[in-house]
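A quick write-up on the structure given underneath.
Read the figures in this text as sums done on the coordinates, not as results from a lab. Computed from a predicted model, the values in this text were never measured in an experiment. Cβ sites come from the backbone with ideal geometry, for glycine too, and all protein chains shown count toward neighbours.
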Amino acid sequence: MASDSIALDHNGHEPSYLEYEGKHKGLLGWILSTDHKRIGILYLISILSFFAVGVTLGFLIRLELLTPQGTIVGPQAYNEFFTLHGVIMIFIVVIPVIPAVFGNFFLPIMLGAKDVAFPRLNLLTWYLYIIGGTLVLLSLILPGGAADTGWTFYVPYSVRTGTNMIFTLTAVFILGFSSILTGLNFLTTIHRIRAPQMGWFKMPLFAWSLYATSWIQVIVTPIVGITLLMVIVERVFHVGIFDPSLGGDPLLFQHMFWMYSHPAVYIIIVPAMGVISEVIPVFSHRTIFGYKFIAYSSLAIALFGSLVWAHHMFATGMSDTAEFVFSLLTFVVAIPSAIKVFNWTATLYKGSIELEAPLLYALAFIFLFSIGGLTGIIQGALNVDIYLTDTYFIVGHIHYVVFGGTGMGLFAALHYWLPKMFGRMYNKKVARVAFWFVFVGFNVLYFPFFILGWMGMPRRSYHYLPQFQTYHVISTVGSWILVIGLVLMLGNLLRSLINGKKITERNIWGGETLEWTVETPPTFENFENIPDVINGPYEYKQNEPATIEEEVK
Amino acid sequence: MSTQAVHVEAHEHRDDIRSRMGMWLFLFSELLLFGGLFLMYSVYRFMHQHDFSIASKEMNTFFGTMNTVILLTSSLTMALSITAIKRGSRKLSIFFQLVTILFGITFMVNKFIEWSAEFRKGNFPGSAILLNKPPGQILYFGLYYSMVGLHGIHVLVGMGLIAFMTRLTIKGIINKDDYVKLETAGLYWHLVDIIWIFLFPLFYLIT
Ligand code: HEM
Ligand SMILES: [Cu+2]
């Protein structure tokens with residue numbers, strides 16, 4: 001076995017991946033490492049840093065909206081703020097975060113493998129990611145000003161505005177490339193290097209969710225890539241593509257943008273659903289209810305999610321037939337998501353529930369994502385959407401699904417897996433307190449958006465009518481509570497990495513998936529031997545009260 | 001279920017299917033990238049039938065045809081280089097790889113001559129002559145330069161890739177028993193070829 005080549009430490013122990021020394025030492029040992037675990041950590045650090053920038057911008061946007069007229073910045077700065085906030089949060093944080101951090105770290109371990117299929121390609125994706133992220137930050141610093149088009153880059157404005165659009169567009173293009181390569185890597189990993197006994201239906205649901213996500217990434221990302229590339233070409237060479245003054249059709253841009261960006265919402269949410277499917281059975285000590293339904297619903301989402309993009313364009317005057325079809329499909333795509341929600345709830349039913357931080361965040365996910373999904377259905381109805389589109393209602397919907405979904409999924413994952421990754425436990429009490437700040441702050445911040453939108457408050461607006469102010473003030477106060485919660489939560493996790501209680505116990509939470517059978521923190525090679533996979537991923541034999549099927553009988 | 005020992009072996013050794021699968025997925029995403037452009041082309045062609053057919057008459061079919069022949073032949077030489085290495089004749093394989101690169105260079109030179117001629121006629125993005133034409137023709141040339149240009153970049157990348165493979169073949173890293181790298185580079189080159197096969201009629205033949 002290859003483990004012969006690994007230097008054992010003085011106790012005759014294999015060193016963990018954190019201590020392991022390869023060809024390079026120190027910092028180089030990290031940024032040149034092709035170990036999937038180290039790459040996961042690189043992503044973790046970089047994505048959380050960008051998240052901090054994104055949160056700061058969001059905080060400033062809310063501060064600006066405290067009063068109906070200018071509060072802290074002018075209108076141009078405001079436009080740049082919400083654009084950058086959107087670009088960072090969508091393309092740099094929520095799209096990559098769960099696959100790149102936890103997928104990288106745990107997918108190979110969950111499959112019983114030593115690494116991903118293409119380790120060097122994996123490292124390349126991180127460099128592409130960093131280049132993309134840096135370009136976005138540069139656009140902010142360099143003269144000319146950051147992009148001010150909103151994260152949707154609609155033409156013709158994105159072709160004509162004088163700001164540093166090229167940086168932002170190039171950044172998104174490069175990030176897309178990074179995303180495609182990660183997807184390709186995971187697909188090949190799942191197909192080719194599962195442990196011999198790890199059949200498809202023994203795979204943990206997190207792996208299934210990454211499988212579906214990776215397909216979406218590979219299939220739809222090239223479309224947005226080429227679309228944005230054409231906007232760059234149009235800006236630089238004045239080639240006529242989308243600009244109506246050169247004969248182009250701006251609506252074609254919108255179609256192509258949403259052909260990616262609607263499926264992208266599933267790139268964003270499906271991995272988080274995977275996390276939830278791991279956390280819920282572990283903390284309720286129950287076999288997941290409807291394993292195959294959950295696995296297949298990920299694929300169904302990937303399929304139907306690619307056919308609904310034009311529900312973002314109901315107000316653009318498409319043909320009635322098109323509007324009808326897209327509205328109908330939008331309703332259909334809600335079904336697989338709902339299936340998952342029902343399955344999770346059924347899993348919790350009669351479980352012996354441990355309300356640890358990961359489960360709290362998972363429950364928050366279910367609650368907030370349901371609100372997000374149901375408001376999505378409201379928007380999917382044609383006549384209602386004509387009224388709601390471009391109002392604050394949409395902004396509420398986005399945040400409930402993306403932040404309430406993927407954000408909470410990320411926090412659940414952090415509390416669930418971080419102790420495994422670093423061998424240190426956080427302060428559980430502080431984690432629970434932080435959760436309540438996050439949860440309450442979130443709802444105080446975002447729920448008023450629905451009311452504001454319903455009242456007619458437009459989206460992306462710097463000024464607003466005085467009658468909206470009460471709700472804006474409530475929302476801004478909510479943003480303060482949320483930020484306190486986030487600082488408390490991340491501070492607690494960060495502190496634990498430095499002086500948290502050391503743990504070496506392998507199975508911290510009593511999970512049944514393979515990552516809980518390896519050392520804490522894992523060794524460089526993950527496994528001494530290719531593991532035998534006898535049980536399914538969620539077989540809680542001992543303390544299983546009774547499965548629902550038995551109960552029905 | 002197969003025995004563990006066999007799989008441990010497979011785990012430790014190289015897995016050609018893995019490399020091929022990676023490349024196929026990559027090519028798939030490349031096709032979709034160009035697919036986006038083909039979509040734009042069809043939409044605009046549908047909107048501006050007449051202008052498209054006028055503009056396409058300005059194309060130099062001679063160069064287009066020549067380049068098609070060149071690329072098709074280069075796909076053949078690429079395939080031959082793989083067959084050669086499989087049969088163990090390294091020199092022959094290197095020869096065919098170099099010929100493939102040479103075809104690539106000829107393709108690019110042709111392109112250069114062709115584009116220069118169009119530029120002299122004033123058919124380039126942003127030129128006053130082009131901007132005075134109807135929108136459909138502006139779009140036609142916009143798409144022409146974008147699509148053929150992006151394809152050209154792929155030709156360059158492909159040539160670089162093959163050159164790298166030639167180096168590996170000379171060093172013996174690519175050999176009779178391990179030629180999957182050359183094979184995947186070949187797949188990429190065929191993709192470049194296939195995309196041209198679609199570009200050619202769309203811009204040169206349909207009027
Ligand atoms: C039950 C499933 C869902 C339905 C039925 C749904 C429906 C919709 C509709 C109809 C719109 C367009 C509203 C308009 O612009 O007038 C929209 C916007 C949006 N949705 Fe969803 N959605 C669902 C789930 C999701 C998920 C899971 C995410 C992300 C994780 C998401 C993210 C977004 C975003 C980012 C926008 C805003 C786009 C913008 O900036 O204009 N949605 N949704
Ligand atoms: Cu959508």
Report task. May I ask which of A:K25/B:K171; A:K23/A:K502; B:K57/B:K111; B:K91/B:K171; A:K428/A:K501; A:K37/A:K428 have a Cα-Cα span longer than 21 Å here? Result -> A:K25/B:K171; A:K23/A:K502; A:K37/A:K428
Report summary line: Cβ density ranking, 10 Å radius, fewest first, applied to B:T77, A:T347, A:T470, A:T406 yields A:T470, B:T77, A:T347, A:T406
Query raised in the report: Taking +1 at the Cβ of each Lys and Arg and -1 at the Cβ of each Asp and Glu, which of A:Q254, A:T330, A:W309 sits farthest along the dipole of the protein assembly as shown towards its positive end, judged by Cα position relative to the Cα centre?
Result: A:Q254
Requested in this report: Go from 0 up to the bin containing the longest alpha carbon distance in chain A, width 20 Å each, and give me the % of pairs per bin.
Outcome: 21, 57, 21, 1
Query raised in the report: Counting other Cβ atoms within 10 Å of each Cβ, which chymotrypsin sites (Phe, Trp or Tyr not before Pro) in the range B:20-70 have at most 15 and sit in a DSSP loop?
Result: none
Requested in this report: Measure nothing but the geometry: give the 0 to 90° angle between the long axis through the Cα atoms of B:135-171 and the longest principal axis through the Cα atoms of chain B, rounded to 10°.
Outcome: 20 degrees
Query - Cα convex hull of the range A:177-263 - mean projected area over all directions, nm² - result: 6.6 nm²
Query raised in the report: Which aspartates and glutamates, on any chain, are close to B:K133 with Cα under 16 Å apart, when same-chain ones fewer than 8 places away are left out?
Result: A:D243, B:D51, B:E58, B:E118
Query - Exposure proxy ranking, count of Cβ atoms within 10 Å, fewest first, for A:R459, B:R167, B:R120 - result: B:R120, B:R167, A:R459
Report summary line: Note, B:K57: beta-carbon cut-off 14 Å, +1 each Lys/Arg, -1 each Asp/Glu, net -1
**Report entry** Over chain B: helical MRE at 222 nm, DSSP H runs n ≥ 4 each giving -39500 (n - 2.57), nearest 500
**Finding:** -28500 deg cm²/dmol
Report summary line: The rounded separation in angstrom of the Cα centers of the range A:454-485 and the range B:156-170 is 58 Å
Query - Relative contact order (%) - criterion: Cα under 8 Å, at least six apart; region: the range B:2-204 - result: 33 percent
Requested in this report: Rank these for me by crowding, A:F422, A:F331, A:F153, going from fewest to most other beta carbons within 10 Å.
Outcome: A:F331, A:F422, A:F153
